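Everything on this sheet refers to the single structure shown next.
The values are calculated or read from the model by the stated rules, or taken from the named source; none is laboratory data. Quick caveat: nothing in here was measured; it's all calculated off a predicted structure. Neighbour counts run over all protein chains shown; Cβ positions are idealised from the backbone, glycine included. To get the accessible areas, we keep the full protein, side chains included, count just its heavy atoms, and leave off ligands, DNA and RNA. Shrake-Rupley method; radii C 1.70, N 1.55, O 1.52, S 1.80 Å.
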Amino acid sequence: MLVLVAVLTLTATDDPRQLGWIALLAVAAVPAFAVPKHHFWAPAGRAAEVVVTSLAAGFIAASADTIGRVDAGFGAEAVLPYLAVPLLTAALHRRSTEGPVLLGVAAATMVAGGLISGSWDEPGYVAACGQWLVLGAIVTFAAETMRQLLQPPEPTPQPYAEATRLLTQLRSVARSLPGATLDPGGISEHLLEELHAVAPGHRTAVLSASGGGRLVVLAQRGAERVDWEVTLDADSAIADAWATQQPQGANRSQARTHSGGEASSLVVPLVAGVRTIGLVILETDAAGAYPSSVVQAVTEVTGPAALRLEAALLFDDVRSLATNEERQRLAREIHDGVAQELVMVGYGIDNAQATLPEGAEETAEELRTLRGEVTRVITELRLSLFELRSEVDRNGGLAAAIAEYARTLGTSAGLRVHFTFDESTARLPAATEAELLRIAQEAITNARKHAGASNLWVTCTVDPPYAEIEVSDDGKGFADERPDGRYGLTIMAERAERIRGRLKITPRHPSGTTVAVVLGTPPRRDSVRESVSAPEGE
């Protein structure tokens, strides 16, 4: 455009001195050309282009009229086509308010340039300026409309269709993974095995976020189990590594129960994209054990592992959300459907009993038996609803959730419930706690329904990543097996396998059964925290 207006100007005026305006235009165009998206210099450059073009129009028109090359001020047509450049650029950059401002500046400057140069009295000058102001307005206001018309319409979001597509892809990817697993605990243990070959460590662990500003232990190795600092607001290398996303070294242990003495610790964040998803902790009982060369070797291992662990954690979240939503949906359907219908059946039986004629004792007895059975089924449904809606509270913990369930079922069945809890302040992953709760619920339900017991003993030991839940009763054991009981045992075994736990079913002396699920290996230290043993649910 600069070349075009230069040629037109020279043709209209036959005066090389007028090319100075074109040189000024070239200088004014530099900011908008060099930094087109800058919030200040780009608009300032476009405003300068408009001012120079509008001023030049008056002087070039006067020069052309003087030599008689172009009559009545139409010489302004030589430079005014350049006005489209800053106006179109502003429109393409979606500067909706800049275009009208530039048009106003152009109109005012054309008037000023015409008055200074003496071209304002020429009808041709006014006509040329008006014509290009109209064309500039069309460029300004039509460019955005044309851009929207040419842009393909964005598809309407279909959340369920998109979720189905992504979950299908996830399933295909999961099946192609080594071992076809997306288990955070398994991936974390494999990572610790890899790190054992490149860095010294008496104690190592993989931690992940659980919400509420706390971390959970996904996997741990070492001669003894330790209580790591799992809060992110403490003054520790763990908190610093999480916040800075950089490896942090320290000359002290990151465990709250360390006995003291020389220790070196290295905390490496597991970063996927821009998000910290976990931490790897390495500790050894020696000073200066983690120089920069070891740190580099560790980060080369943890880098690829972070993506694998993120995929596993996301898969766990999706599965937990889907499971919880399905449990809530089933609870709503049972409550609003079959439970209400059974209540109405019970009312109908009551009405039938009330209207029986005298002497129909046999029919009355049958109705009483039927009413008792309906009441029993309604009670079972209410307990099932309670089980479906039971969750591990983020603040209460696994032991509190199991205790609440055992109290409720024990009260309904007339059982004496004895609790023994040894729960660390550290937490298991949410998905693991949920599976352990369901296993405990099934074991307690089986004891209530089939064992004919008088007492129930519930023991819960949690020392992440180790956990053991044990449910014992003094009933008749498995001498009288029932199909639904066997199905419950199968479900418990599947749940235990899903979290890499072990289900153990043994007879209890002198009578009854013990069902236990064990996760990980037991700690190699003797400590009992928050231990409670109370009869009758106290």
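When you scan region 256-267, do you find a residue that is of a type in the set (A, V, I, L, M, F, W, C), touching a Gly at 6+ places or on another chain (Cβ under 6 Å), within 20 Å of residue 183 (Cβ to Cβ) and assigned to a strand (DSSP E or B), even just one? Within region 256-267, none of the residues are of a type in the set (A, V, I, L, M, F, W, C), touching a Gly at 6+ places or on another chain (Cβ under 6 Å), within 20 Å of residue 183 (Cβ to Cβ) and assigned to a strand (DSSP E or B). For region 267-284, the condition holds for at least one residue, the condition being that it is under 19 Å from residue 209 (Cβ atoms), small (Gly, Ala, Ser) and at pLDDT below 90. Taking the criterion of being at pLDDT below 80 and either surrounded by fewer than 17 Cβ atoms within 10 Å (Cβ to Cβ) or among the aliphatic types (A, V, I, L, M) (or both), the residues of region 65-91 that qualify are 66, 67, 68, 69, 70, 71, 72.
Being under 24 Å from residue 490 (Cα atoms) and touching a residue at least 40 places away in the same chain (Cβ under 8 Å) is true of residue 403.
Checking each residue in region 336-383 for being under 55 Å from the mean Cα position of the chain (by Cα) and not in a helix (DSSP H, G or I) picks out only 337. Checked across region 300-323, the condition of being open to solvent by less than 70 Å² (accessible area, probe 1.4 Å), free of Cβ contacts under 8 Å to residues at least 60 places away in the same chain, of a type outside the set (A, V, I, L, M) and farther than 30 Å from residue 168 by Cα holds for no residue. With respect to residue 230, determine if the residue is touching a Leu at 6+ places or on another chain (Cβ under 6 Å), farther than 19 Å from residue 195 by Cα and among the β-branched types (Val, Ile, Thr). Here the answer is yes, as residue 230 does meet what is asked.
Selection of first residues in region 13-40 that are under 15 Å from residue 63 (Cα atoms) and surrounded by 12 or more Cβ atoms within 10 Å (Cβ to Cβ) and of second residues that are aliphatic (A, V, I, L, M) and modelled with pLDDT under 85, restricted to Cβ pairs under 8 Å at least 6 apart or on distinct chains, gives the following pairs, ordered by first then second residue: 13/64; 13/67; 14/67; 15/67. Identify the residue in region 486-504 that is surrounded by fewer than 17 Cβ atoms within 10 Å (Cβ to Cβ) and part of a helix (DSSP H, G or I) and, among all such residues, is modelled with the lowest pLDDT. By that ranking, first place goes to 486. Of the residues 54, 96, the single one that is of a type in the set (S, T, N, Q), open to solvent by 50 Å² or more (accessible area, probe 1.4 Å), out of contact with any Phe, Trp or Tyr (no Cβ under 7 Å at 6 or more places or on another chain) and in contact (Cβ under 8 Å) with a residue 12 or more places away in the chain is 96.
In region 449-471 there is at least one residue matching the filter, namely being surrounded by fewer than 22 Cβ atoms within 10 Å (Cβ to Cβ), without any contact (Cβ under 8 Å) to a residue 40 or more places away in the chain, part of a helix (DSSP H, G or I) and out of contact with any Phe, Trp or Tyr (no Cβ under 7 Å at 6 or more places or on another chain).
Does residue 479 qualify as being at pLDDT 80 or above, open to solvent by 20 Å² or more (accessible area, probe 1.4 Å) and outside any strand (DSSP E or B)? It is false that residue 479 is at pLDDT 80 or above, open to solvent by 20 Å² or more (accessible area, probe 1.4 Å) and outside any strand (DSSP E or B). Of the numbered criteria (1) in contact with a Cys (Cβ under 8 Å, 6 or more places away or on another chain); (2) open to solvent by 50 Å² or more (accessible area, probe 1.4 Å); (3) not aromatic (Phe, Trp, Tyr), the one residue 10 fails is (1). Against the numbered list (1) closer than 30 Å to residue 397 by Cα; (2) surrounded by fewer than 20 Cβ atoms within 10 Å (Cβ to Cβ); (3) within 28 Å of the chain's Cα centre (by Cα), residue 241 comes up short only at (2).
Please determine whether any residue of region 368-379 is under 30 Å from residue 264 (Cα atoms), surrounded by 15 or more Cβ atoms within 10 Å (Cβ to Cβ), modelled with pLDDT of 85 or more and in contact with a helix residue (DSSP H, G or I) (Cβ under 6 Å, 6 or more places away or on another chain). Within region 368-379, not a single residue is under 30 Å from residue 264 (Cα atoms), surrounded by 15 or more Cβ atoms within 10 Å (Cβ to Cβ), modelled with pLDDT of 85 or more and in contact with a helix residue (DSSP H, G or I) (Cβ under 6 Å, 6 or more places away or on another chain).
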